[in-house]
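S.K.: Shown below is the structure under consideration.
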Amino acid sequence: MIIVHEIIERLKDIISKDSDNKKVFDKDVATELDITQVNFATMKNRGKIPYDKILDFCAKKKISINWLLYNQHPGSLIDTTDKYWIRYYPNIKVSAGGGSFEENQDFEQLDIPEYFIKFFGGINNIKNIEAINVTGDSMEPTLQNDSIIFIDKSKTNIQKNGIYAFLFDNNMFVKRVAKKGNQFIMSSDNDVYDDMLCDLADIKIYGKVISTLNNI
């Protein structure tokens, strides 16, 4: 289990070492994470972990995320690995039928080879990519049950038709999305399923599906 106060203490240790071992307070951690002191205090009290902010902090400081979150010490404070990785959420199920979603889910580090970087929009875009499992068959044959899809969270504006993950009625879905006036048409690749028609105000686009891992 990830304990928030332990992570905060590790963050303070890192910040202190970078500041001639001066005493570090919660407000200093909030500043480093680019979070207001009020929001930081709220998250701390609720035991919430700002994963996106911590990932940015680790990338900037070249700190091992495993050490920071799980106390898996890499042997030294600085982890100089040249590996590239993205966040993989094994417990989030994006549905081509009925998925589940909860913010701040635990993620795993998914290492990717350097020659895959271009498929994810380049090195600077890696932070926007997440990997999530698909459940259901409504997007077959394009996306199969238990496929892993790669979502670019920076692509939320529906300018051209494409496959998107979106939140609707507290669930996450993946469909082909086309904008029509003030509504979205959500289409399945499996002809057995009917299209969904949703008002713009009723859904939130989570990101565009840019790649997938399927069984053959």
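S.K.: Can you tell me how much longer the chain between Ala41 and Asp26 gets when fully stretched, taken as 0.36 nm per residue apart minus their C-alpha distance, in nm with one decimal?
M.R.: Working it through step by step, the gained length comes to 4.6 nm.
S.K.: Next up: Tell me the label-point distance for the pair Lys127, Asn145, using the 7 Å Cα-to-Cβ offset, in nm and rounded to one decimal.
M.R.: With each label point 7 Å from Cα toward Cβ, the separation is 3.9 nm.
S.K.: Using Cβ contacts closer than 10 Å as the measure, can you line up Lys44, Lys179 from fewest to most? Intermediate results must be reported in sequence, preceding the final value.
M.R.: On the way: Lys44 17, Lys179 14.
Going from sparsest to densest Cβ surroundings: Lys179, Lys44.
S.K.: Filter Lys12/Lys48; Lys48/Lys179; Lys127/Lys204; Lys22/Lys153; Lys61/Lys160 down to the pairs with a C-alpha to C-alpha distance above 27 Å, please.
M.R.: Lys48/Lys179; Lys22/Lys153; Lys61/Lys160
S.K.: Rounded to the nearest 500, what is the 222 nm mean residue ellipticity of the chain from helices alone, with -39500 (n - 2.57) per DSSP H run of 4+ residues and division by all residues? Each step should come with its number before you reach the end.
M.R.: Working: 5 runs with 48 residues, N = 216.
Estimated from H runs of four or more residues: -6500 deg cm²/dmol.
S.K.: Starting from the alpha-carbon convex hull of the stretch 141-201, give the projected area averaged over all orientations, in nm².
M.R.: That works out to 4.8 nm², a quarter of the Cα hull's surface.
S.K.: How big is the charge dipole of the stretch 84-213 about its Cα centre, in debye rounded to the nearest 20, if each Lys and Arg gets +1 on its Cβ and each Asp and Glu gets -1 on its Cβ?
M.R.: In total the dipole reaches around 640 debye.
S.K.: Could I ask something else about it? How do 160-172, 138-150 rank on mean C-beta neighbours within 10 Å, highest first?
M.R.: Packing order, densest peptide first, comes out as 138-150, 160-172.
S.K.: How high is the FRET efficiency between Ile3 and Asn170 when r is their beta carbon distance and R₀ equals 30 Å, given to the nearest 0.05?
M.R.: 0.65
S.K.: Using a cut-off of 15 Å between beta-carbons, work out the net charge of the residues near Glu32 (Lys and Arg +1, Asp and Glu -1, Glu32 not included).
M.R.: +3
S.K.: Still on this structure: Please work out the FRET efficiency for the pair Asn190 and Ile117, using the Cβ-Cβ distance as r and a Förster radius of 30 Å; give the result to the nearest 0.05.
M.R.: Using R0 = 30 Å, I get an efficiency of 0.40.
Where a number appears in this text, it was derived from the coordinates with a stated rule and is not lab data. This one's a predicted model, so the numbers in the text were calculated from it and none came from an experiment. For neighbour counting, all protein chains shown are included, and Cβ atoms are generated from backbone atoms with ideal geometry for every residue, glycine included.
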